[in-house]
Amino acid sequence: MRILSGFADLIMAPRYSGPRPYFLLGAGSQWINVPKVANPYGAVPGARAGIGIEGPVRGWTIRGEIAATAVLSDFATGRSFTPGTYWPVTLAIQF
């Protein structure tokens, strides 16, 4: 299964410089692809919530986070009326 997601996230963090923890909440669209299975829904909504840490490294802002991401559809979960969930781990560089 492959999932392509586009999310808008709200990041909530304390206001100070240096390494700092943050919480995130997001919502967006997801496109699910399962080989040899037709997706009858097209794009489906999704939501995510997680935690992370960010900090400066040599003039760059580096973030690492883990977030529970819900696919608000039962497509490819194997159970009717049961949304899917996955736990992506993200490493980001802000420039």
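The values are calculated or read from the model by the stated rules, or taken from the named source; none is laboratory data. Note that the structure is predicted; figures quoted are calculated from it, not measured. Cβ placement follows ideal geometry from the backbone for every residue including glycine, while neighbour counts extend to all protein chains displayed. The protein model used for the area step is the full one, side chains on, heavy atoms only, and it has no ligands, DNA or RNA in it. Shrake-Rupley method; radii C 1.70, N 1.55, O 1.52, S 1.80 Å.
Data for the structure
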quantity	calculated
Scan of segment 33-51 for residues that are in contact (Cβ under 8 Å) with a residue 40 or more places away in the chain and under 14 Å from PRO88 (Cα atoms), ordered by number	GLY46, ARG48
Test: residue in segment 61-73 that is open to solvent by 40 Å² or more (accessible area, probe 1.4 Å), of a type in the set (Gly, Ala, Ser) and out of contact with any Leu (no Cβ under 7 Å at 6 or more places or on another chain)	no
Residue match in segment 44-54 (condition: modelled with pLDDT under 90 and on the phi > 0 side of the Ramachandran plot)	no
Test result for LEU24, modelled with pLDDT under 85, in contact with a Gly (Cβ under 7 Å, 6 or more places away or on another chain) and in a strand (DSSP E or B)	no
Cβ pairs under 7 Å, 6+ apart, first in segment 17-32 and touching a residue at least 24 places away in the same chain (Cβ under 8 Å), second surrounded by 13 or more Cβ atoms within 10 Å (Cβ to Cβ) and among the basic types (Lys, Arg)	GLY26/ARG48
Whichever residue in segment 30-50 is among the hydrophobic types (A, V, I, L, M, F, W, C) and in a strand (DSSP E or B) and, among such residues, is surrounded by the most Cβ atoms within 10 Å (Cβ to Cβ)	ILE32
